[in-house]
Protein chains: 2
Amino acid sequence: MSRFWSKTVKNLTPYVPGEQPKLSQLIKLNTNESPYGPSPKALAAIASANTDGLRLYPDPNSDSLKQAIAKVHGLKSDQVFVGNGSDEVLAHAFLGLLKHEEPILFPDITYSFYPVYCNLYDISFKNIPLDEDFAINTKDYIRKNGGIIFPNPNAPTGRALPLSDIKALLESNTESVVVIDEAYVDYGTESAATLVNQFPNLLVTHTLSKSYALAGLRVGYAVGHPDLIEALERVKNSFNSYPIDKLAMAGAVAAIEDQEYLHSISKAVIQTRETLVKDLSQLGFETIPSQANFVFTKHPSKDAAAIATALREKHIIVRHFKMARIDQYLRITIGTDEQCASLVNALKEIV
Amino acid sequence: MSRFWSKTVKNLTPYVPGEQPKLSQLIKLNTNESPYGPSPKALAAIASANTDGLRLYPDPNSDSLKQAIAKVHGLKSDQVFVGNGSDEVLAHAFLGLLKHEEPILFPDITYSFYPVYCNLYDISFKNIPLDEDFAINTKDYIRKNGGIIFPNPNAPTGRALPLSDIKALLESNTESVVVIDEAYVDYGTESAATLVNQFPNLLVTHTLSKSYALAGLRVGYAVGHPDLIEALERVKNSFNSYPIDKLAMAGAVAAIEDQEYLHSISKAVIQTRETLVKDLSQLGFETIPSQANFVFTKHPSKDAAAIATALREKHIIVRHFKMARIDQYLRITIGTDEQCASLVNALKEIV
């Protein structure tokens, strides 16, 4: 604490991301990265952009990237916003679209960055508890609010809502913005991006960090009504004119245009997930049905933190949250078949 | 305007960056980019990082980059903060270190992003007029304030203050943070980074977008007392855990380690600047003494906006600001010798 800090800084409780260990030789199943590399076309596009042209600023509007995203979703460029990872996109959405008189609503168990944004921008919020099966019940959100946000599928549970539930919520909630955070949508969930033309208060966010295997490149985006996008652009242009660098732009465009590759590696992850869930079940683990590239699982008798520690001794890292309701669960990223087999073998010895 | 916008968004007046034209065949002297490419070592480092490893998140703390920066300045890593361009670094400094009860102070003619940040974060400010020679008089800043910020050399004037003036200001102003924005410091100005160990309220910001010729990569940094750096880290970790992507990290480390290249291209720009100032003088232009990679110049009889338009017809872009006191000036980025010769020839025809 320093007398030079602003009040805002003094009151912050920053987000703590999952560990990025500098050791190699680890099986890293803690931060929901893809076990497969990005599209070879993305790497080739980056190589082509890696020239003396880096002396020039990037396009501040990222037009080519917006066009590629718009095309994939059957939308127009002015329905697309891009940022330095979906975290930056979400930050701008909190300040620009979710800061109102009434508290915003999000689940009690969800992406733990949401309350951090609220703290940063002085936004009041109310947690809506997941039901006893750790499911979001959208009817619980039908109340006065300044906005609604949740991931679909939810994190860290992996549980998804059908599109019909999202649509019903939007039909009931027309006076505030609803943000559906679809970081994990490509692993088996129907995207709400198809509802964007129908609901002017719907914002859907995506990231290239998971299914596109480009966590290292920092690109995320949002789609929504042009008025919502304009709000995000106004915040962005009051903060940083050029958040997407030239290499990220080139790589992201090529990755998004390569939908075939996206589908092939997403499908592989889904297959591995189904096998892992069965294997965990045979070891006694109870796993929440997952539509994500991770599973949320607990053992009926063995303490979750103890399992995480024992796994780490065997050079396998998973994520454990010391939080009410979920401190007996582990969030395990889906790795390759080989990595998941190693995990299962290690767990056999531990439990 | 939309009913879904927050009050913050409704009140914003976003920054307008210089044009990034999509046409080639232009002589682009409008956004102070380097006429030379980045260090070949930076391009090689980026190529080495362009692998399947992009599937993993970058180091959220950017340790290797902080170490490289600390070494160049003879500081420690905990005295260094890094961000997605110095604009992001400045944004976090405004929210974390310059938002207090008293208004902050900056020149009436300066980087036009400063009032935009104040607007975004609801920070009160007071403009201190430059003197009639467009110089900053640091004595004018000895008054109650919530913080002080100005570029050295100043933009868009290019005029620099000696380090002794900065030091005297810091000796008088001990109760609030002083930010010296050194975006253009490598073209002939003494850096205040050497004063960081002496003054716990000094923050010095740098960018890789100008002298390092990496505007396309989006990397900037700040050096200061660890308490000031901690404030920036707290804001950053409440906003976006990973603002520096893996490619930017690799390229920036290599560029910073190649000080020899930095000095060689900075020296070339300084030499071209001296020639251009002489050539402009022969055409009747009056140029403010510049220590930057641009000059700020006016013609005694020909309207600045008209000159800018005429240059554009000849495929040369310079920057003109429609603002009080400076609407008869043009800001011209220093290009290569050939580009500046073309500019001078075009101006000969115009004036």
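Taking the stated definitions as given, is A:GLN339 of a type in the set (S, T, N, Q) and assigned to a helix (DSSP H, G or I)? Lay out the reasoning, then the answer.
Details: of a type in the set (S, T, N, Q): yes; assigned to a helix (DSSP H, G or I): yes.
Spelling it out, A:GLN339 is indeed of a type in the set (S, T, N, Q) and assigned to a helix (DSSP H, G or I).
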### Message
Within region A:25-33, does at least one residue satisfy the condition of being at the interface with chain B (Cβ under 8 Å from one of its Cβ atoms) and in contact with a helix residue (DSSP H, G or I) (Cβ under 7 Å, 6 or more places away or on another chain)?
### Response
yes
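Within region A:62-177, considering only helices (runs of 4 or more DSSP H) that don't extend past its boundaries, which have at least 3 residues that are within 10 Å of chain B (Cβ to nearest Cβ)?
A:85-97, A:114-121
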### Task
Could you tell me whether region B:271-278 includes any residue that is assigned by TED's automatic domain parsing to the domain that holds B:ARG159, crowded, with 21+ Cβ neighbours inside 10 Å and within 21 Å of the chain's Cα centre (by Cα)?
no
### Task
Can you work out which of the residues in region A:272-288 that are in contact (Cβ under 8 Å) with a residue 60 or more places away in the chain and out of contact with any Ser or Thr (no Cβ under 9 Å at 6 or more places or on another chain) is farthest from the other protein chains (Cβ to nearest Cβ)?
A:LEU283
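Scan region A:50-63 and tell me whether some residue there is within 23 Å of A:LEU202 (Cα to Cα) and within 20 Å of the chain's Cα centre (by Cα). Can you show your working first?
Keep residues of region A:50-63 that are within 23 Å of A:LEU202 (Cα to Cα), which gives A:61-63.
Pick out the ones that are also within 20 Å of the chain's Cα centre (by Cα) and you get none.
For region A:50-63, residues within 23 Å of A:LEU202 (Cα to Cα) and within 20 Å of the chain's Cα centre (by Cα): absent.
When the residues of region B:178-216 are narrowed to those that are assigned to a helix (DSSP H, G or I) and not aliphatic (A, V, I, L, M), which ends up farthest from A:SER241 (Cα to Cα)? Walk me through it before giving the result.
Just the residues of region B:178-216 that are assigned to a helix (DSSP H, G or I), to begin with: B:185-187, B:192-195.
Retained after the next criterion (residues that are not aliphatic (A, V, I, L, M)): B:186-187, B:194.
Details: B:ASP186: 23, B:TYR187: 24, B:THR194: 29 Å.
By that ranking, first place goes to B:THR194.
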### Within region A:164-199, tally of residues that are closer than 18 Å to A:PHE134 by Cα and over 18 Å from the mean Cα position of the chain (by Cα)
1
### Query
Going by the structure shown, is B:ILE288 under 25 Å from the mean Cα position of the chain (by Cα) and closer than 21 Å to B:LEU161 by Cα?
yes
### Task
Scan region B:190-235 residue by residue and report those that are at the interface with another protein chain (Cβ under 10 Å from one of its Cβ atoms), charged (D, E, K, R) and surrounded by fewer than 24 Cβ atoms within 10 Å (Cβ to Cβ).
B:ASP227, B:GLU230, B:GLU233, B:ARG234
### Query
Just wondering, is there one or more residues in region B:13-24 that are within 7 Å of chain A (Cβ to nearest Cβ), assigned to a loop (DSSP other than H, G, I, E, B) and of a type in the set (Ser, Thr, Tyr)?
yes
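Just name the residue that is nearest to the other protein chains (Cβ to nearest Cβ) out of those in region A:236-265 that are part of a helix (DSSP H, G or I) and among the polar types (S, T, N, Q). Give the derivation first.
Residues of region A:236-265 part of a helix (DSSP H, G or I): A:236, A:246-257, A:259-265.
Going one step further and asking which of them are among the polar types (S, T, N, Q), we end up with A:259, A:264.
Values: A:GLN259: 18, A:SER264: 15 Å.
Ranking the qualifying residues of region A:236-265, first place goes to A:SER264.
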### Message
Can you tell me which residue is nearest to the chain's Cα centre (by Cα) among those in region A:10-33 that are surrounded by 14 or more Cβ atoms within 10 Å (Cβ to Cβ) and of a type in the set (A, V, I, L, M)?
### Response
A:LEU29
### Message
Anything in region B:315-336 that is surrounded by fewer than 16 Cβ atoms within 10 Å (Cβ to Cβ) and either in contact with a strand residue (DSSP E or B) (Cβ under 9 Å, 6 or more places away or on another chain) or assigned to a strand (DSSP E or B) (or both)? List them, or say none.
### Response
B:HIS315
### Task
Confirm whether A:SER86 is more than 13 Å from A:HIS206 (Cα to Cα) and touching a residue at least 12 places away in the same chain (Cβ under 8 Å).
no
### Query
When you look at B:LYS76, is it within 21 Å of B:SER209 (Cβ to Cβ) and in contact with a helix residue (DSSP H, G or I) (Cβ under 9 Å, 6 or more places away or on another chain), yes or no?
no
### Task
Would you be able to say whether some residue in region A:119-126 is modelled with pLDDT of 95 or more, over 30 Å from A:TYR329 (Cα atoms) and of a type outside the set (A, V, I, L, M, F, W, C)?
yes
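The values are calculated or read from the model by the stated rules, or taken from the named source; none is laboratory data. What you see is a predicted model, and the numbers here were worked out from it, not measured in a lab. Backbone-built Cβ (ideal geometry, glycine too); neighbour counts: all protein chains shown.
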